[in-house]
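These notes are about the structure you will find just below.
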Amino acid sequence: MRRPRAFFLACTAAASLALAAACGTSNGNAGTPGLEDLPDPETSENPPTRPAFEAGFPEDDGGKRDGTADGGPSSCSDPADPGSTPGSARALPNTDDADNNFKPVSGVISSPVDIDVYTLSGSDTTGAVLDTSFPLTTAGVELCVFVHCANAGAAVTPVEGCNEGTKQKEAASGWEGCCATGPADPTPEWDCSGTDDSADFLLRVSPTPSTTTCQAYSFSYRF
């Protein structure tokens, strides 16, 4: 069957339109853009922003890198530190047997090798009775009380016993006394010649294996 000529002309026109659409897509004038139509990130007015990169580890707010806890390095305040030898000892207020009030003393053991040394004198007055005592109230430190009769000259005063603790001799002076770890009262027992029992005392506070760093201590005395 023969088709009219107009039919073939219509088919030819449709094919031409389809070809024109295909060509428009390939040359960039229509349809989806090709790779050449995408913006160049190096020449674009608003290039994409990349996140900043920093090498290293995040800070740990829970402590310091050097192992020191928050608040800085630990310190021990001991502004009134007594000397550590008899020659550099701190002199405490003297007393006598008519005064029955205890005189308090406080200090700090700032390190495992810190030693605090004190001196004082007790006077035997007429009509009063000796009631000598050196109570140490702090645990973990040692108190030694060495005695020397005021009228003994260069002779060593013998210690006959200790209220608490054990009898020892102070190396530098040679004085005898008593030592005990607190809480304790290492008061020595002595007897001077004649009727005058006035005496000089050398007190030594020392750390023990159980003493903590920056250990505060307190003791008191009366004659």
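FYI, it's all coordinate maths here, none of it is from the lab. Keep in mind the model is a prediction, meaning the values are calculated, not measured. Here Cβ is always computed from backbone atoms with ideal geometry, including for glycine, and neighbour counts include all displayed protein chains.
With unit charges on the beta carbon (Lys/Arg positive, Asp/Glu negative), name the residue among 105, 135, 88 whose Cα is farthest towards the positive pole of the charge dipole of the stretch 86-221.
The residue sitting farthest along the positive end of the dipole is 88.
Give me the net charge for the shell around residue 135: Cβ to Cβ below 13 angstrom, other residues only, Lys and Arg +1, Asp and Glu -1. Display every interim value, and only then the final one.
Working: positive: 103, 222; negative: 131, 164, 185.
Residues close to residue 135 contribute a combined charge of -1.
What net charge is computed for the residues neighbouring residue 220, neighbours being all others with C-beta under 14 Å from the C-beta of residue 220, Lys and Arg scored +1, Asp and Glu -1? Please list the in-between numbers first.
Working: positive: 103, 222; negative: 99, 131, 185.
Surrounding charge for residue 220 is -1.
To make sure I understand, if each residue's beta carbon is the centre and we count other beta carbons within 10 Å, what order do 109, 115 fall in, fewest to most? Write down the numbers at each step before the final one.
On the way: 109 27, 115 16.
Ascending number of Cβ neighbours within 10 Å: 115, 109.
Quick check on the exposure proxy: order 203, 92, 120 from fewest to most C-beta atoms within 10 angstrom. Present the calculation step by step, with values, prior to reporting the outcome.
Numbers: 203 24, 92 16, 120 21.
Neighbour counts put them in this order, fewest first: 92, 120, 203.
Under the classification rounded if a/c is under 1.5, otherwise prolate if a/b is larger than b/c and oblate if not, where does the stretch 86-221 fall, given a ≥ b ≥ c as square roots of the Cα gyration tensor eigenvalues? Intermediate results must be reported in sequence, preceding the final value.
On the way: a/c = 1.91, a/b = 1.59, b/c = 1.20.
Verdict is prolate for the stretch 86-221.
Using θ = phi - 60° and the Karplus form 6.51 cos²θ - 1.76 cosθ + 1.60, what ³J(HN,Hα) does each residue of the stretch 216-223 get, whole Hz, x for Gly and Pro?
The phi angles translate into 6, 9, 8, 8, 9, 8, 8, 10 Hz.
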